[in-house]
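The values are calculated or read from the model by the stated rules, or taken from the named source; none is laboratory data. A quick note: this is a predicted structure, and the numbers were derived from the prediction, not measured. Glycine gets a Cβ as well: all are built from the backbone with ideal geometry, and neighbour counts include every protein chain shown.
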Amino acid sequence: MSTLPTIRFSELDLNALSGVEGRLAVLVSPQGEMDAVARRANRLSRGALTRLVGSARFAKAKGGEVLSLAFPAGLAAEALDVVVLEKKASALDARRAGAALAKAAEGAAITLAAGSHRRAAELALGLALRSYDFLPHKTGEAAEKTLGAITLLLRDPAAVEVEAAPLLAAAEGAHLTRDLINEPANVLTTTAFADRLLELSALGVEVEVLEEADLEKLGMRMLLSVGQGSATPTKVVVMQWKGGETGAAPLALVGKGVVFDTGGISLKPGAGMEDMTMDMGGAGTVAGTMKALALRKAPANVVGLVGLVENMPSGEATRPGDVVTSMKGDTVEIINTDAEGRLVLGDVLWYAQERFAPAGVIDLATLTGAIIIGLGHENAGVFSNDDTLCGNFLKAAAAEGEGAWRMPMGPAYDRQLKSRIADMKNVGGRPAGSITAAQFLQRFVKEGTPWIHLDIAGVAHVKEDTAYAPAGATGWGVLALNRLVRDAFEAG
C-alpha cells in the first residue's frame, strides 16, 4: 500500500540554502517579485533567478507553474525550481503549485523554502497529493523506486505543521482510495478488500464484516443476485467512526464495491473491460474518507458501508428476466445484469437507514457510462432529494477543487422504470440513463432522509494525469466529503 512521502517542517536558515541537496525550490510571484528566500537563492546562484525572471520563458509562465534550472552554480542542489505563485494566492492555487512542484521533481527529494508564505500548508497538501505512484506489481528497477523526502523550510514550522496535519490526513485517505481502485481484481478480491478495511480498526474505526449468510438473513437478495455467478463471496463491510456526541445520528456513506464487472450474462464488450477493476471506486472513496476522518480525529459520527461483490457470468449467474426481492421488500425485474451497481446500493442504502437512522445518506458509485457522456471526466454527477445537504456538498467540492454538477430528478422519469411483472425494472433505457439510475436508488431512500447520489464513473479513474494524480485512480471525493463532514456535521 502506498504511503505519503516523508514530509518535514523545518526552521528556515538562509545561510544553509547553499548546502541543500536534491531539489531546492523557491517562490517567485508572476510579476517577478522575490521574497527574502528567493533573493538569497538568487545571490548564491550568481543572479540565475534574475536572468530567469527577465526571460521570455518566465514572461509566458502562469501562476502555479514551475520553472527549473538544472545544476545551478553556487548551490549544492541538482536543480533550482522556481514556483510561480502570488503572495496572496488562494488555497487552491497554492495546492496546484505544490502539486506542480511534485510532478516536476518526479519523486526526487524536494526542499521548498516557503519562508512565511500564508499558504504553506496548502503547498504541502499539493506536494503530498501529487507524490504518488502505484508500484506493487512492478519488478526490477521500477519496483525499487522510492519517493524522496519533502522538506518545507519555514519561519514558523510548528504552526504550519499543525495547520497542515488535517490536510495531510485527507491526502492519506486519498492515497488509500487510489491504491484500492488501482489494484487488479485478482489481488483485490472481496475478501482482500474486507481485510484491508479491517486494518482501519488500528485508527479507532469500528469495522464489521457481514458475510453471505448474514446478508441472506437480512433479505439482501438484490445485492446477493449480483454476485451469485462468482466464486468470490459477497460481503458488506460496516465502518463506524464515533468522534461526535454519543447517540447523535451519524452521516452515512454508502459505496458500490464491485471488484470486477464483466456485466454478467449481459456481457460487456471485450475492449476496455480491463478497466472494470475500478468499478469498486465508490467503496474505495468511502474507505479513504473514513481513514481521513480517523487520522484527524474528526469530532463527528460517520458510518461507512460498502457492498463488496464480483459480477461474473456462469451457470449460477442472474439472468435477464429474473425477478429478485430487495431487503425493503420491493421486487425488481432484471432487464440487464450489467446494471448491477444500483442493485448493490439499493440494499445497502436500506440497511444503512434501518440500522443507523442517519442524519443524511450519501452514496457513491461508478454507476453509469451515461454520466460520462453528459459530464465527461471533469465533474461527478450529483443527484439529491435535499437542497440543503446538496448545497453543502457542492460548496465543499468547489472549495476542494473537485468537480461536481447537480443533475435533475423528477417523477416523470419513473415511467421508464415500470415493469410488467414486478414493482420496477433495473434499467430505464438509454434516454437519461444516469437520471433513471438515480430514480431507482431514490426508491430505497426513506421519506424525510436527506440523500445524495454521486455518480463518479467519469472522475474516479482517468486515462491521463490530473493536476493532483498520475493516470489511473484520482482519489476524487475524499477531500470533498472530508470537508463536508468538517463544515456541516462536526460537533461544536
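Structural remarks
- Residue within region 103-119 that is out of contact with any Asp or Glu (no Cβ under 8 Å at 6 or more places or on another chain), within 30 Å of PRO184 (Cα to Cα) and either in a loop (DSSP other than H, G, I, E, B) or of a type in the set (Lys, Arg) (or both) present: yes
- Scanning region 21-61 for residues that are basic (Lys, Arg) and closer than 21 Å to ALA120 by Cβ yields a count of 3.
- Qualifying residues in region 468-492 (those that are among the small types (Gly, Ala, Ser) and at pLDDT 95 or above) - the one surrounded by the most Cβ atoms within 10 Å (Cβ to Cβ): GLY477
- Any hit, region 335-357, residues being within 21 Å of GLY284 (Cα to Cα) and under 15 Å from the mean Cα position of the chain (by Cα): no
- Condition check for ASP423: outside the structural domain of ALA91 (by TED's automatic domain parsing), in contact with a helix residue (DSSP H, G or I) (Cβ under 6 Å, 6 or more places away or on another chain) and over 25 Å from ALA102 (Cα atoms): no
- Candidates in region 1-32 are the residues that are among the small types (Gly, Ala, Ser) and free of Cβ contacts under 8 Å to residues at least 40 places away in the same chain; of these, the one that is surrounded by the most Cβ atoms within 10 Å (Cβ to Cβ) is GLY32.
- A count restricted to region 443-461 and to residues that are of a type outside the set (D, E, K, R) and surrounded by fewer than 18 Cβ atoms within 10 Å (Cβ to Cβ) stands at 1.
- Count of residues meeting criterion [surrounded by fewer than 21 Cβ atoms within 10 Å (Cβ to Cβ) and not in a helix (DSSP H, G or I)] in region 383-399: 2
- Only a single criterion out of (1) of a type in the set (S, T, N, Q); (2) in a loop (DSSP other than H, G, I, E, B); (3) closer than 30 Å to TYR132 by Cα is not satisfied by THR449, namely (3).
- Of all residues assigned to region 352-365, at least one qualifies as being among the small types (Gly, Ala, Ser), closer than 13 Å to ILE456 by Cβ and not in a loop (DSSP other than H, G, I, E, B).
Let's see how each residue does on (1) touching a Phe, Trp or Tyr at 6+ places or on another chain (Cβ under 9 Å); (2) crowded, with 24+ Cβ neighbours inside 10 Å; (3) in the same structural domain as PRO184 (by TED's automatic domain parsing):
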site: ASP279; (1), (2), (3): yes, yes, yes
site: GLY282; (1), (2), (3): no, yes, yes
site: GLY304; (1), (2), (3): yes, yes, yes
site: MET312; (1), (2), (3): yes, no, yes
site: VAL323; (1), (2), (3): no, no, yes
site: MET327; (1), (2), (3): yes, no, yes
site: GLY360; (1), (2), (3): yes, no, yes
site: ASP363; (1), (2), (3): yes, yes, yes
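- Some residue of region 145-157 being within 24 Å of PRO184 (Cα to Cα), surrounded by fewer than 13 Cβ atoms within 10 Å (Cβ to Cβ), out of contact with any helix residue (DSSP H, G or I) (no Cβ under 6 Å at 6 or more places or on another chain) and not assigned by TED's automatic domain parsing to the domain that holds GLY288: yes
- Restricting attention to region 239-254 and to residues that are under 24 Å from the mean Cα position of the chain (by Cα) and more than 28 Å from LEU223 (Cβ to Cβ), the residue that is surrounded by the fewest Cβ atoms within 10 Å (Cβ to Cβ) turns out to be GLY243.
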